[in-house]
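Beneath this line is the structure, given in structure tokens, with notes to follow.
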Amino acid sequence: MQKLFLTFFGVGLLKPAPGTWGSIAGAVIALPILFYIGDQTLFMASILLFLASIKIINDYESKTNEHDQSHIVIDEVAGVWLAMAISGASWTQIILSIAFFRLLDITKPSIIGRIDKNVKGGLGVMGDDMVAGLFAGLLSAISYKLITSF
């Protein structure tokens, strides 16, 4: 049951690039929440998913004796939800949110990389993606504002 949750119902088992598949699947699930319930609900859902996942990842990692396995994509789901909730609900903002999130999650610049390398357990697995989601949402919102200003 843990693996089903952590792989976002098996999406994390897709190859290649399970993180990208997890981000796309997360974005698809986020769309009806964003469009019909609102960005505040998506924001809260990302925080709840973040908090719930930490303990589940800690337990899973203690069983497998491996940290941040590639098939764990629940962190990408929470991160992309956060990015989308911060940025907004236009199609341009959604695409920018996903693109910036993947860019930051793959390259792990600055504090994102430090969290990835230095924070252990579920907090480390989830933390770098949530910070990437925060910055991706902000970059998306700023980019969208600049694009629409011209």
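The values are calculated or read from the model by the stated rules, or taken from the named source; none is laboratory data. Owing to the predicted nature of the structure, the values given are computational and were not obtained by experimental measurement. A quick note on method: Cβ atoms are made from the backbone with ideal geometry, for glycine too, and the neighbour counts reach across all protein chains shown.
Of note:
- Filtered residues of the stretch 33-49 (kept if part of a helix (DSSP H, G or I) and either on the phi > 0 side of the Ramachandran plot or not hydrophobic (A, V, I, L, M, F, W, C) (or both)): Y36, D39, Q40, T41, S46
- Residue check for I112: more than 22 Å from L13 (Cβ to Cβ), modelled with pLDDT of 95 or more and either surrounded by fewer than 17 Cβ atoms within 10 Å (Cβ to Cβ) or among the polar types (S, T, N, Q) (or both): no
- From I86, I72, I98, I47, residue being within 13 Å of the chain's Cα centre (by Cα), under 11 Å from S23 (Cβ atoms) and of a type outside the set (G, A, S): I98
- Within the set A52, A30, the sole residue that is without any contact (Cβ under 8 Å) to a residue 12 or more places away in the chain, aliphatic (A, V, I, L, M) and in a helix (DSSP H, G or I) turns out to be A52.
- Residue under evaluation K15, criteria (1) exposed (fewer than 13 other Cβ atoms within 10 Å of the Cβ); (2) in a helix (DSSP H, G or I), criterion not met: (2)
- Residues within the stretch 57-100 that are farther than 16 Å from L42 by Cα, in contact (Cβ under 8 Å) with a residue 60 or more places away in the chain and either buried (at least 24 other Cβ atoms within 10 Å of the Cβ) or in contact with a His (Cβ under 8 Å, 6 or more places away or on another chain) (or both), tallied: 4
- The single residue among I33, I57, I47 that is of a type in the set (A, V, I, L, M, F, W, C), touching a Leu at 6+ places or on another chain (Cβ under 9 Å), at pLDDT 95 or above and more than 24 Å from G88 (Cα to Cα) turns out to be I57.
- Close pairs from the stretch 33-45: first over 11 Å from I86 (Cα atoms), partner not in a helix (DSSP H, G or I), Cβ under 8 Å, at least 6 apart: F35/A89
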